[in-house]
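Heads up: the structure comes next, in structure tokens.
Read the figures in this text as sums done on the coordinates, not as results from a lab. Nothing here was measured: the structure is a model prediction, and the numbers come from that model. Glycine also receives a Cβ, built like all others from the backbone with ideal geometry; neighbour counts cover every protein chain displayed.
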Amino acid sequence: MDEPLRDLADAQGGVFTTAQARAAGVGERELARLRRIGEVHAVARSVSAVRPWREAWLEERLLLRTRGALALYPDARPVGASALVVAGVPVYGVRTDRADLVRPVHREVLTELCRIREPCPSLREAHSPVDPAHDLAAAIVQTALDHGHLAATVAADHALHHGLVTRDQIVAAAECTIGWPDTGRVRTTLALADGRAESVGETRLRLFVVALGWRVTPQTPLQDRWGTFGYGDLGVDGTRLVLEFDGRVKYGEGGEVVWKEKRREDRGRRAGYLFERVIWSELAAPSVLGPRLMAARTSAALPPAG
């Protein structure tokens, strides 16, 4: 690949348009050759990527689609889930087949690459370059409307935990949607959002047990007669059960992390706590996970042995 085209793609996050390639001296015939030999990969008819984007995670696919759409339409800006991935906020449970943009159009337009929305109502037009937190709050609310409370709560938890947005800002964005269809999704998101969650998996596990009717406390303190010795991902209120989401990422840091985790749990068991670890594959099998956690809750509600 010619260096000017490579530099252009790198400057735009790994994508470029056919018109940009032509301006860089790469015609359609050469572009087709680069696609055949795997140097570039078609994202849409007029957008290419410099890496095999179909093999990427769904989140990265949405990001590449969004970057390609923004390169194709310079007067556009991302909204909803597309705005979240551009801001580096993790998304979960969202459709990634199209990017979501706002442009000065008179009605919504669907293309192979993106959904182009008109710059209203107020939730989408309240864009302030000096206040990116406002745009992020609006993106969370738009995600609730588009994809449901699960996707929006995952994003809200991350943004609140990392101080990217405040609850008041999310509430203010939500007020713009009063009277709209599907605003129940927004109200549910506001009720469930909790900035104490430290990962997508923790949020996902919390929402799973909350749907069962459980009350839980994120980052619950673990205590014995000598004081607080650690924190559990989710403490089940009224019991000694502690739920831990195990994403297995932290164990890549080495044996010291595993050792500290084991010592914390050993001390917790001596104090009467019951720990249940949950992994991603178990969240994907609720018919198995549900009965297991309910049995653990029953056991943890009993007085500790001895």
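Structure notes:
- Less than 5 angstrom separates the built amide H of Leu222 from those of Phe229, Gly230, Tyr231, Gly232, all sequence-distant by 5 or more or on a different chain.
- Among beta bridges from DSSP that stay inside the stretch 43-119, the antiparallel ones total about 55%.
- FRET efficiency estimate (nearest 0.05) - Cβ-Cβ, Gln219 to Ala172, R0 35 angstrom: 0.85
- In terms of Cα atoms, the Rg and Dmax of the chain work out to 23.2, 79 Å.
- Fraction of beta bridges assigned by DSSP in the chain that are antiparallel (%, nearest 5): 70
- Burial ranking of peptide ranges 20-27, 288-295, 99-106, 163-170 (average Cβ count within 10 Å, highest at the top): 99-106, 163-170, 20-27, 288-295
- If the chain linking Arg95 and Ala23 were pulled fully straight, counting 0.36 nm for each residue of separation and taking away their Cα-Cα distance, it would gain 22.6 nm.
- Altogether, the Stokes-Einstein calculation at 20 °C and 1.002 mPa s, with the Kirkwood radius of the stretch 1-50 over Cα pairs as Rh, returns a diffusion coefficient of 207 µm²/s.
- Mean separation of Cα contacts under 8 Å, 6 or more apart, over the residue count of the stretch 1-50: relative contact order %: 40
- Per-pair calculated FRET efficiency, R0 = 22 Å: Leu110 and Met1 via Cβ, rounded to 0.05: 0.10
- Distance between the 7 Å Cα→Cβ label points at Tyr231 and Ala284: 3.0 nm.
- Longest segment of the chain lacking chymotrypsin sites (Phe, Trp or Tyr not before Pro) that sit in a DSSP loop with at most 11 other Cβ atoms within 10 Å: 58-225
- Within the chain, helix-based [θ] at 222 nm, where runs of 4 or more DSSP H residues each add -39,500 (n - 2.57), nearest 500: -14000 deg cm²/dmol
- Directionally averaged projected area (convex hull, Cα atoms, the stretch 200-300), nm²: 6.5
- Cα→Cβ-extended label distance, 7 Å offset, between Arg33 and Thr183, nm: 5.9
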